[in-house]
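> What follows is a structure written as C-alpha cells; I'll ask about it next.
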Amino acid sequence: MSTPSAPATGTTGTPATQPVTPGTPVLQTSGTPAQTQGGSSPTTGNTSAKPFIPAKFDMPLLEDDGENYNTWYVALQLAFKNRDIWPVVNGTKLHPDQMTDSAGYSEWGFKDHEARLIMITALKKVGQKCIYRATSAKEYWDRIATRYSGTGGGNERTITLLQQFFKASFTDTEPLQPQIDKVVYAAQQLETLGFPIIDRLLAFLLAIRLPDSYAMLRTVITNSDASNITSRWVADRIIGEERHRLNNFEGNESAFYAKAGKGKGKTLQITQGKGEDLKCAHCKKEGPQEGGLPQAQEGKGGEGSSQERY
C-alpha cells in the first residue's frame, strides 16, 4: 500500500514549510501588527495614517500674585492649540448631545478633562483655590482670567500692576536689568488691561527712578531731546553705564553690588527735648564735625528722635 505524498506549495492542503530569511517580515492576516524577525520594523495591515499625538510639555506655574500671568496665559494657550483642545477651553466648541452623538460626547469629555488637568497642574495654591468646584475647562479658564487678568470685575491684579509701575524705585545694590524688566513688563500688562502707558512716560520713569549714584546719567537723560527719548533708548544707556562701571571695578560682580550697599543708611540721630547733643550714628561723635556734617535744623524732630541722611 503506497503512502500519499505531501502536497507541494501552491496546491490545496497545507503548504510546505519554507525557510525564513532573518530580517524578513512575516505578515499576519488577522489585522494585528506584523511581527518581525531579525529586528526589522513591524508593518501593519492597515495603511491609513494614525492621527498625530502632540507631545506634552512642562507648563510654567502661575505665581499666586499673578506676576507672570501674561506669559502663563500664552504658554497654556499654545499648549491647548497644540493638542487641539483650545476650542473646548474657550467655549467655542460645546459638548455634543450624548444621545445623538455618543462618540463626539466622549471625545469632548476627554478633551475637557485633559484641559483641566493641564491647568490645575500649572497653578499654585491661590490659583487652585480659585477654580475650586469648577466643573469644566472653560469655567477653570474664566475664573483664572477674572482673578488675574483684571477683566470681569477683578481689580486685584490691576492695582498691583499700577503700584509696581508708579512706585518703582531702582537700587544700585542689585543688577539693574531685572529691575527695569519688571517695570516694563508691568506697563505691558497694564496695556492689556485697558491702561495703556505711553512709551515716553515709561522712558522718563526709568530715568527718574535711578538711584542717586546714577544722578549724572539721570541728568543727561532728562535733559535730552524729549522727542527722541524711548524706553529702549533709556534702558540701553542705563545698562551700558552699569556695565561700564562693572568693567572698571577691581573685583567680581558680587563684590561690586556689595560695595554699593556699604555706607547706605548712615544717619544722624537728632534728639531734642532731652538735653542731648547731635550724634552721628556712624562715628558716634557728638556735635557738628569738620568736613560737612549738616547742622540740626530747628523745628525738626519734635518729640523723641528723628533721622537725617548724610
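> If eta is 0.890 mPa s and T is 25 °C, what Stokes-Einstein diffusion coefficient results for the range 156-259, Kirkwood Rh from Cα pairs, in µm²/s?
Values: Rh = 14.5 Å.
The calculation lands on 169 µm²/s.
> Another one. Using 1/(1 + (r/R0)^6) with R0 = 30 angstrom and r between the beta carbons of residue 125 and residue 82, what's the FRET efficiency to the nearest 0.05?
Values: r = 27 Å, r/R0 = 0.91.
With a Förster radius of 30 Å, E is 0.65.
> Which order do 229, 85 fall in if you start with the one that has the fewest other Cβ atoms within 10 Å? Please report the intermediate quantities before stating the final value.
Values: 229 18, 85 21.
The order, fewest Cβ neighbours first, is 229, 85.
> Once phi is turned into θ = phi - 60°, what whole-Hz ³J(HN,Hα) does the Karplus curve with 6.51, -1.76 and 1.60 give for every residue of the range 242-259, x standing for Gly and Pro?
4, 5, 4, 5, 5, 5, 8, 8, 8, x, 7, 5, 4, 5, 4, 6, 5, 5
> Count charges around residue 206 for me, please; just the other residues with Cβ under 12 Å from its Cβ, Lys/Arg as +1, Asp/Glu as -1. All intermediate terms of the calculation are to be shown ahead of the outcome.
Working: positive: 182, 200, 209, 218, 232, 237; negative: 181, 199, 236.
Around residue 206, the charge tally is +3.
> In whole Å, how far is the Cα centre of the range 176-190 from that of the range 74-135?
Between the Cα centres of the range 176-190 and the range 74-135 lies a distance of 32 Å.
> Let me ask something additional. Modelling each spin label as a point 7 Å along the Cα-to-Cβ direction, I'd like the residue 253/residue 74 distance in nm, to one decimal.
Those two pseudo-labels are separated by 2.3 nm.
> OK, next. From the backbone phi of the range 192-199, what are the Karplus-calculated ³J(HN,Hα) couplings (6.51 cos²θ - 1.76 cosθ + 1.60, θ = phi - 60°) in whole Hz, Gly and Pro given as x?
Values, residue by residue: 5, 9, x, 10, x, 9, 5, 5 Hz.
> Would you mind listing how long the range 69-148 runs along its three principal axes, going by Cα atoms, in whole Å with the largest first?
Computed over the range 69-148, the largest-to-smallest principal extents equal 39, 26, 18 Å.
> Please give the length that would be gained between residue 232 and residue 244 if that part of the chain were fully extended, namely 0.36 nm times their separation in residues minus their C-alpha to C-alpha distance (nm, one decimal). Could the numbers behind the result be given before it?
On the way: separation 12, 0.36 × 12 = 4.32 nm, distance 1.80 nm.
Working it through step by step, the gained length comes to 2.5 nm.
> Give the long-range amide H neighbours of residue 93: residues separated by 5 or more places, or on another chain, with amide H under 5 Å away, using H modelled in the peptide plane at 1.01 Å from N.
HN-HN under 5 Å from residue 93: 88.
> List the pairs from 81/124; 125/182; 93/125; 81/138; 111/182; 93/182 whose alpha-carbon separation is above 26 Å, in the order I gave them. Before the final figure, lay out each step's value.
Numbers: 81/124 23 Å; 125/182 23 Å; 93/125 29 Å; 81/138 14 Å; 111/182 36 Å; 93/182 37 Å.
Distance filter (> 26 Å) returns 93/125; 111/182; 93/182.
> For residue 62, which sequence-distant residues (separation of 5 or more, or a different chain) have an amide H within less than 5 Å of its own amide H, given hydrogens modelled in the peptide plane?
The list, which skips near neighbours in sequence, is 123, 124.
Quick note: the coordinates plus some simple rules give every number you see, no bench work behind them. Keep in mind that this is a model prediction, so the values were computed, not measured. For neighbour counting, all protein chains shown are included, and Cβ atoms are generated from backbone atoms with ideal geometry for every residue, glycine included.
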